[in-house]
Amino acid sequence: MSITLYTAATGNGAKPLILLEELGVSYDIAWIDIMADEQFTPEFLKISPNNKIPALVDDGVSVFESGAILLHLAEKHGQFWSDDPATKISLMQWLFFQAGSQGPMLGQAHHFRQFAPEKIAYGIERYTKEANRIYGVMDRWLSERTYFGGENYTIVDMMCFPWTVTSEWQGVDIAEFPHVLRWRDMMNARPAVQKARAIIQR
Ligand SMILES: N[C@@H](CCC(=O)N[C@@H](CS)C(=O)NCC(=O)O)C(=O)O
């Protein structure tokens with residue numbers, strides 16, 4: 001069995017690393033320097049046609065999109081997911097919430113607040129407001145359960161966690177979201193999360 005993870009030091013890049021560390025499987029890392037446009041090379045585009053990290057090659061099969069990567073590994077190893085239909089639907093909705101809302105909106109808040117060469121008030125206001133709304137959604141859900149999937153730790157937690165590490169860059173005061181903070185602290189205490197964060201250095 002051979003696994004190569006193509007990644008970089010970003011929140012999205014951390015997601016599959018957390019799962020690989022939780023699974024305890026061996027893997028190699030191929031670092032992609034996205035600031036030097038290595039994601040646009042023809043070799044990388046064969047693995048990741050949307051020119052983004054992370055991507056994974058598992059025994060010759062390539063997968064892009066962090067949600068697909070985590071789902072592939074979780075199903076293959078029979079861990080951190082569920083076969084129970086009702087539980088699976090609940091997990092799937094939060095997996096897609098992460099991929100379709102949490103990641104992109106927190107990413108936009110991060111971009112307009114930290115990276116945009118011009119400070120555009122409309123963009124900053126729109127995405128800071130949206131980021132705070134998203135934390136409110138997570139906070140309400142986590143106020144009634146330990147993890148996104150209830151009592152079981154799953155890949156949904158691994159998907160949602162990395163973006164919450166940099167909440168202050170998104171204009172979010174984490175103290176206003178005590179349930180997210182409690183869950184984030186719990187995630188940070190996991191040895192696999194600490195190892196993944198040390199590897200990715202963030
Ligand atoms: N929805 C994607 C997002 C991946 C993503 O945005 N990756 C960024 C780094 S965090 C990237 O590779 N950016 C390079 C580019 O857009 O050219 C996923 O979850 O895998």
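The values are calculated or read from the model by the stated rules, or taken from the named source; none is laboratory data. What you are looking at is a predicted structure, and each value in this text was computed from that prediction instead of being measured. Cβ coordinates were reconstructed from backbone atoms using ideal geometry, including for glycine residues, and neighbour counts include every protein chain displayed. These area figures cover heavy atoms from the full protein model, side chains too; ligands, DNA and RNA do not enter into them. Shrake-Rupley method; radii C 1.70, N 1.55, O 1.52, S 1.80 Å.
Quick grid of which residues meet (1) surrounded by 17 or more Cβ atoms within 10 Å (Cβ to Cβ); (2) of a type in the set (S, T, N, Q):
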residue: SER2; (1), (2): no, yes
residue: ALA8; (1), (2): yes, no
residue: GLY11; (1), (2): yes, no
residue: LEU17; (1), (2): yes, no
residue: GLU22; (1), (2): yes, no
residue: SER26; (1), (2): no, yes
residue: TRP31; (1), (2): no, no
residue: MET35; (1), (2): no, no
residue: GLN39; (1), (2): yes, yes
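Name every residue in region 40-60 that is part of a strand (DSSP E or B) and not aliphatic (A, V, I, L, M), in order of residue number. Selection gives ASP58 alone.
When SER143 is tested against (1) surrounded by 14 or more Cβ atoms within 10 Å (Cβ to Cβ); (2) farther than 21 Å from GLU22 by Cβ; (3) polar (S, T, N, Q), exactly one condition is not met: (1). Checked against the criterion of being of a type outside the set (D, E, K, R), open to solvent by 10 Å² or more (accessible area, probe 1.4 Å) and within 21 Å of VAL193 (Cβ to Cβ), the candidates ILE47, ILE53 yield just one match: ILE53. Residue count for region 61-104 under the criterion of being in contact (Cβ under 8 Å) with a residue 40 or more places away in the chain and outside any helix (DSSP H, G or I): the result is 4. Candidates are the residues of region 21-78 that are more than 10 Å from the ligand (Cβ to nearest atom) and among the basic types (Lys, Arg); the one that is farthest from CYS160 (Cα to Cα) is LYS46. When TRP169, TRP163 are screened for being within 19 Å of the chain's Cα centre (by Cα), surrounded by fewer than 18 Cβ atoms within 10 Å (Cβ to Cβ) and at pLDDT 95 or above, only TRP169 passes.
The combined condition, being touching a residue at least 24 places away in the same chain (Cβ under 8 Å), within 25 Å of ALA74 (Cα to Cα) and part of a helix (DSSP H, G or I), is not fulfilled by TRP169. Determine, yes or no, whether PHE115 is modelled with pLDDT under 95 and open to solvent by 40 Å² or more (accessible area, probe 1.4 Å). The answer is yes for PHE115.
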